[in-house]
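What follows is one structure encoded as structure tokens, with my remarks underneath.
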Amino acid sequence: MPDFHSPKEFLRFLKPRLPEMLATLRRFVTAESPSLEKGAADRCCGVIAQEWSKHAVRVDRIAQKHRGDLLRITYAGAKSRTSGQLLVLGHYDTVYSTGTLAKMPFHVKGGKAYGPGTFDMKAGIVQALFALRALQHLRVQLQKRIVFLWTSDEEIGSESSRKHFEAEARRSDAVFVLEPSFGQHGLLKTARKGVGEAALIVHGRASHAGLAPQEGVNAIHELARQITRIEKWNDLHRGVTINAGIIEGGTRTNVIPERARAVLDLRALRVSDMRNLEVRLRGLRAVQAGARLEITGGFDRPPLERKMSASLFARAQLLAKQMNVSLGECTAGGGSDGNFTAALGIPTLDGLGAVGDGAHSSHEHVLINTMPQRAALLAALLAKS
């Protein structure tokens, strides 16, 4: 039987290593890694790879043509006979362009570490590294091989990395996502909305607004009618929202517009609601005679339904309780790569990363004293899954 260790043992090992965790976080954050700048992202990938390579793991760098390279790190444990796999998933890319450090430098103040990407989500990668070190130090005999996969394009939709993490997820019994937690109490994200974007385009007929209005078909008027119809589909209780965020149409006030366009943000908590919304969009019909509707796009990230994370969350709660920590959960309106792994039918628990605030903002930060605790929780989950 595997030798189980309590979360408190992991925490006792990790607490004195907080200065090392901060030093590692500084190295990762000061290696800027914008999603759209491959050169910079690759340099950051190298820094992260070098750090992980120090700890008796296999590090594979997966080359990407247009985005930063991916890192796949494999660990089988001390004298373990592993059967199966656990996937720890995260990303090292950030929304900040190169040069942001000049106006937003990494610094520690008032128990918080500030800097671009600290919270979303380089502290999560640091916590995973030290969770690994705790497992190694205590010579935990793992039941399953662990794969850590750090991607480079999550912030822009995961187009290049998706096939890689989905392949790993299919080989895994569970996926632990190191995206940031929610709020000052570090809530885990047990559900996430599916997210998409659709364009509703109306084709009308142009005409002179004064001389021959009867010959025109006003695309803007038709679009307004359609948006009024779509607005009624919002159902906050079920987590279904449709937001018309961009409107375009018309050329001059004395010309009846022949084309108008609305870009819609789509969100749903359930796969069934996601599919229903797409069917309703494609079932729209024009009100005005002579108008024609065109619908493009749709959902590109399925929801992470709570049923896919419930058992893992219950386990995490019990382990946190052993450290005298009350662990809560929440539903997130935005998506992550965990949405994709859950949609494959793989149990997925999200929000296991840093505790802090200010993602994608000038005050992005992590609460540094929570880092050993979160690393201990991850180590315990990996030891007991």
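Each reported figure results from applying straightforward, stated rules to the coordinates on display, with no laboratory input. What you are looking at is a predicted structure, and each value in this text was computed from that prediction instead of being measured. Positions of Cβ are generated from backbone atoms using ideal geometry, with glycine treated the same way; all protein chains shown enter the neighbour counts.
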Here are several values of Rg and Dmax of the Cα atoms in Å: [x] 24.1, 87; [y] 21.4, 69; [z] 22.3, 65. Which one was derived from the coordinates shown? [x]
Long-range amide H partners of Gln141, meaning residues 5 or more apart or on another chain whose placed amide H is closer than 5 Å, are Asp3
³J(HN,Hα) across segment 168-178 via Karplus (A = 6.51, B = -1.76, C = 1.60, θ = phi - 60°), whole Hz, x for Gly/Pro? 5, 4, 5, 8, 10, 8, 7, 10, 10, 9, 8
Around Glu248, under 11 Å between beta carbons, what's the net of Lys plus Arg minus Asp minus Glu among the other residues? +2
Nearest 10, in degrees from 0 to 90: the angle of helix 310-321 to the longest Cα principal axis of the chain is 40
Angle check, please: helix 271-282 long axis (alpha carbons) against the longest principal axis of the chain (alpha carbons), in degrees 0 to 90, nearest 10. 20
Stokes-Einstein diffusion coefficient for segment 80-206 at 25 °C in a medium of 0.890 mPa s, Rh from the Kirkwood formula over Cα pairs: what value in µm²/s? 139
Space enclosed by the convex hull of the alpha-carbon atoms of segment 194-301, per residue, Å³: 82
List, in order, the whole-Hz ³J(HN,Hα) value for each residue of segment 41-50 obtained from phi through the Karplus relation with A = 6.51, B = -1.76, C = 1.60 and θ = phi - 60°; use x for Gly and Pro. 4, 5, 5, 5, 4, x, 5, 5, 4, 4
Quick calc: nm separation of the 7 Å Cα→Cβ label points for Asn369 and Arg229 -> 5.7
Thinking of segment 165-221 as a set of Cα atoms, what percent of all their pairs are more than 12 Å apart? 80
HN-Hα J couplings of segment 54-67 from phi, Karplus 6.51/-1.76/1.60, θ = phi - 60°, integer Hz, Gly and Pro as x? 6, 10, 6, 10, 8, 10, 10, 9, 9, 5, 10, 6, 10, 10
Assuming a viscosity of 1.306 mPa s and a temperature of 10 °C, what translational diffusion coefficient in µm² per second does Stokes-Einstein assign to segment 314-385, Rh being the Kirkwood radius over Cα pairs? 114
Give me D for segment 27-100 in µm² s⁻¹, whole number, from Stokes-Einstein with Rh from the Kirkwood sum over alpha-carbon pairs, 37 °C and 0.692 mPa s. 243
Taking 1 over the mean of 1/r across every pair of different Cα atoms in segment 234-385, what Kirkwood radius in Å do you get? 19.2
Ala209/Asn276 FRET efficiency (R0 41 Å; Cβ-Cβ; nearest 0.05): 0.60
What residues qualify as long-range amide H neighbours of Ile62, i.e. H under 5 Å apart, gap of 5 or more or another chain, H built at 1.01 Å from N? Leu70, Leu71, Arg72
Beyond 19 Å between alpha-carbons counts as too far, so tell me which of Lys54/Lys384; Lys38/Lys122; Lys65/Lys193; Lys65/Lys163 fall in that bin. Lys54/Lys384; Lys65/Lys193
Using modelled amide H (1.01 Å from N, peptide plane; none on Pro or chain starts), what sits under 5 Å from the amide H of Ser385, excluding residues fewer than 5 places away? none
Could you list Cys45, Cys330 in order of exposure, starting from the residue whose Cβ has the fewest other Cβ atoms within 10 Å? Cys330, Cys45
Would you give the gap between the C-alpha center of segment 251-308 and the C-alpha center of segment 69-148, rounded to a whole Å? 38
